[in-house]
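Visitor: There's a structure below that I have some questions on.
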Amino acid sequence: TFYWTDHFGLLQWSSWHKLNSYSFMKRTALIVGINNYAENPLTAPENDAREMERVLKNHANGSRNFDCELLISGVNRVHQDRLKEKMLVHFKLDVEICLFFFAGHGISNDLGTYLLTQDGGYYDEGVSMYELFHLAQNSPAKEVILILDCCMSGDIAAYIANERAIMRPGLTIISSAGKDGKAVESGGNGVFTSRLIDALEGGAADAMGRVSMASVYNYVDKILSIREQRPVFKTHIKEMITVRRAKPRIDLDILKELPDLFPSKDYNFPLDKSYERTEEEHKEAHVKIFSKLQKLNRESLIKPHPQEDMYFAAVEEGSCHLTPLGKYYWEMALKELIY
């Protein structure tokens, strides 16, 4: 049998073969959840892992997103050698996005911080933050995303700072707690992962439904800001990659009409009583247009002037114009990038 050697140990030929056979996939996610520890068992990680698989597998419209591999303690024994072998295969894939999610115990000793596996013991805990960072740094994937929901998970960011390590382009790390922080469970799920799922399902989406890891962090951090648990975010990216498409907050056909409604980015759209249905002077064609303008206003893409409300801008013969965000979507529509 042929073996491939790495600093972790030996990887069998069967895994090397799997590595090559899966290299055609665009996006892959290795999702790990460990409840069944011999000491201090948990209740949330397996539920969190299943929820992450559910939300990452498909976009909101049902189209395929990530190819997910689920590794949970209730089905598989998540031992150190098994997890490391899975990680070695996963991080070697030449794909668009390589995502790794871990929910379980995080533990530290004098040598560092570790993702604790089921067979972990003193000074042989599981996967170290150094090993995880090494794999992420050297992955051929265009983008690598690490999501850690465990105590002390923020230590990976501290490790980068302490070692003065330079994150590779395309690497994003989001952890549930700081270097010495605790990850909290509530109602059978991790508090951090629950908010993460909300963000991916649309809470962190832009008007087109696009969710990036930066918007995910912004959403999660705001919600958890009133709790002691605060997430940590580190990234080195050149462009915002859409990690998932949620349901658009506004009909995309309306966004596509922006250049028709506003002939230029600085155009002031004149309003009058004919646009407001409650007025005697209303015209049905204008009322339909006004309905679209109101939806654009609710998403902060247009702003009435000089009035502060769209209704009064119509009945008092004001106008409306594109906001800076509206101008961005106007350009997107002009370049036919709304889809």
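Visitor: Just name the residue that is nearest to Glu143 (Cα to Cα) out of those in the stretch 219-237 that are assigned to a loop (DSSP other than H, G, I, E, B) and open to solvent by 30 Å² or more (accessible area, probe 1.4 Å). So that I can check it myself, show each step before the final result.
Guide: Applying the first criterion (assigned to a loop (DSSP other than H, G, I, E, B)) to the stretch 219-237 yields 225-231, 237.
Then drop every residue that is not open to solvent by 30 Å² or more (accessible area, probe 1.4 Å), which leaves 225-228, 230, 237.
Working: Ser225: 28, Ile226: 31, Arg227: 30, Glu228: 30, Arg230: 24, Ile237: 8 Å.
Ranking the qualifying residues of the stretch 219-237, first place goes to Ile237.
Visitor: I need the full set of residues from the stretch 242-267 which are closer than 27 Å to Leu56 by Cα, touching a strand residue (DSSP E or B) at 6+ places or on another chain (Cβ under 7 Å) and open to solvent by 30 Å² or more (accessible area, probe 1.4 Å), in order please.
Guide: Correct list: Thr242, Arg245.
Visitor: Looking at the stretch 106-126, I want the residues that are over 19 Å from Ala44 (Cα atoms) and have a partner that is modelled with pLDDT under 85 and exposed (fewer than 15 other Cβ atoms within 10 Å of the Cβ) with Cβ atoms under 6 Å, at least 6 apart or on another chain. Which pairs are those?
Guide: So the pair list comes out empty.
Visitor: Does the stretch 321-331 contain at least one residue that is within 35 Å of the chain's Cα centre (by Cα), β-branched (Val, Ile, Thr) and open to solvent by less than 50 Å² (accessible area, probe 1.4 Å)?
Guide: As a first pass, look at the stretch 321-331 and keep what is within 35 Å of the chain's Cα centre (by Cα): 321-331.
Among the residues that remain, those that are also β-branched (Val, Ile, Thr) are: 323.
Pick out the ones that are also open to solvent by less than 50 Å² (accessible area, probe 1.4 Å) and you get 323.
Yes: one or more hits.
Visitor: What's the number of the only condition in (1) more than 21 Å from Ala205 (Cβ to Cβ); (2) touching a residue at least 60 places away in the same chain (Cβ under 8 Å) that Ala313 fails to meet?
Guide: Only one criterion in (1) more than 21 Å from Ala205 (Cβ to Cβ); (2) touching a residue at least 60 places away in the same chain (Cβ under 8 Å) is unmet by Ala313, namely (2).
Visitor: Please tell me if Val55 is in contact (Cβ under 8 Å) with a residue 40 or more places away in the chain and within 17 Å of the chain's Cα centre (by Cα).
Guide: yes
Visitor: Please enumerate the residues belonging to the stretch 268-288 that are closer than 18 Å to Tyr329 by Cα and either among the hydrophobic types (A, V, I, L, M, F, W, C) or crowded, with 17+ Cβ neighbours inside 10 Å (or both). Before the answer, list the steps.
Guide: Going residue by residue through the stretch 268-288, those that are closer than 18 Å to Tyr329 by Cα are 268-269.
Result: Phe269, single match.
The values are calculated or read from the model by the stated rules, or taken from the named source; none is laboratory data. All of these numbers come straight from a predicted model, not from anything done at the bench. Every residue, glycine among them, receives a Cβ derived from its backbone with ideal geometry; neighbour counts consider all protein chains shown. Side chains included, ligands, DNA and RNA excluded: accessible areas come from the protein's heavy atoms. Shrake-Rupley method; radii C 1.70, N 1.55, O 1.52, S 1.80 Å.
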